[in-house]
Amino acid sequence: QVRLVESGGNLVQAGGSLRLSCAASGRIFRINTMGWYRQAPGKQREPVAAIASGGSTNYADSVTGRFTISRDNAKNTGYLQMNSLKPEDTAVYYCNAEVVVYYSGTVYEYWGQGTQVTVSS
């Protein structure tokens, strides 16, 4: 019913920047919270940042001051601007969204397929 597609992952040197995008499509009435998670090899998936429909945000301590989450509600798209990247930011980044689906009145949680971010030292 709803699909999330991430893009923007790449190989970048330490200190560089990347901007990830997450485009949602399908039977979307409203997107509540959008978030970004990441999973490094051998580690559990962890939350990175989240943004509510009203614009309030929160961040993991490890990315505060370097990453900025934003969204365009008209386009059903979320973004993660990543600056001052470090090798420890290397991971697959996943988009997550809580979506109210048309005609259901129910909130469903969706995940994207992930996009690889690799930061070289």
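The values are calculated or read from the model by the stated rules, or taken from the named source; none is laboratory data. Just so it is clear, the structure is predicted and the values come from calculations on it, not from any experiment. Heads up, the Cβs are rebuilt from the backbone with ideal geometry, glycines too, and the neighbour counts pull from every protein chain shown. We work out accessible area using only protein heavy atoms, side chains counted, and drop any ligands, DNA or RNA first. Shrake-Rupley method; radii C 1.70, N 1.55, O 1.52, S 1.80 Å.
Label the stretch 74-121 by shape, choosing from rounded, prolate and oblate, from the square roots a ≥ b ≥ c of the eigenvalues of the Cα gyration tensor; if a/c is under 1.5 it is rounded, and otherwise prolate applies when a/b is larger than b/c, oblate when it is not.
On the way: a/c = 4.33, a/b = 2.68, b/c = 1.62.
Prolate, because a/c is 1.5 or more and a/b exceeds b/c.
In whole percent, and with a 1.4 Å probe on the protein chains, what portion of the accessible area of the chain is carbon and sulfur? Each step should come with its number before you reach the end.
Values: 2970 of 6420 Å².
Reported share for carbon and sulfur atoms: 46 percent.
In percent, how large is the relative contact order of the stretch 80-121, given Cα pairs closer than 8 Å and 6 or more residues apart?
Working: 56 pairs, mean separation 20.2, N = 42.
Relative contact order of the stretch 80-121: 48 percent.
Explain nothing, just the number: relative contact order of the stretch 19-65, from Cα pairs under 8 Å at least 6 residues apart, as a whole percent. Mind showing how you got there, number by number?
Numbers: 44 pairs, mean separation 12.5, N = 47.
In percent, rounded to a whole number, it is 27.
For the chain, calculate the relative contact order in percent as a whole number, restricting contacts to Cα pairs under 8 Å that are 6 or more residues apart. Could you put the intermediate results ahead of the total?
On the way: 309 pairs, mean separation 43.8, N = 121.
The normalised contact order for the chain reaches 36 percent.
Leaving out ligands, DNA and RNA but keeping every protein chain, what accessible area does E109 have, in Å² rounded to the nearest 10, with a 1.4 Å probe?
In the full protein context, E109 sits at about 110 Å².
For the chain, state the semi-axes of the equivalent ellipsoid (square roots of 5 times the eigenvalues of the alpha-carbon gyration tensor), sorted largest first and rounded to whole angstrom. Kindly include the intermediate steps, with their values, before the conclusion.
Numbers: eigenvalues 134, 37, 29 Å².
Its equivalent ellipsoid spans semi-axes of 26, 14, 12 Å.
Placing unit charges on C-beta atoms (Lys and Arg positive, Asp and Glu negative, everything else neutral), compute the dipole magnitude of the stretch 1-52 about its Cα centre in debye, rounded to 20. Walk me through the numbers on the way to the answer.
Values: 7 positive and 2 negative charges, 31 e Å.
Around 140 debye, computed over the stretch 1-52.
Determine the principal axes of the Cα atoms in the stretch 24-79, then give the extent along each, sorted from largest to smallest and rounded to whole angstroms.
36, 24, 13
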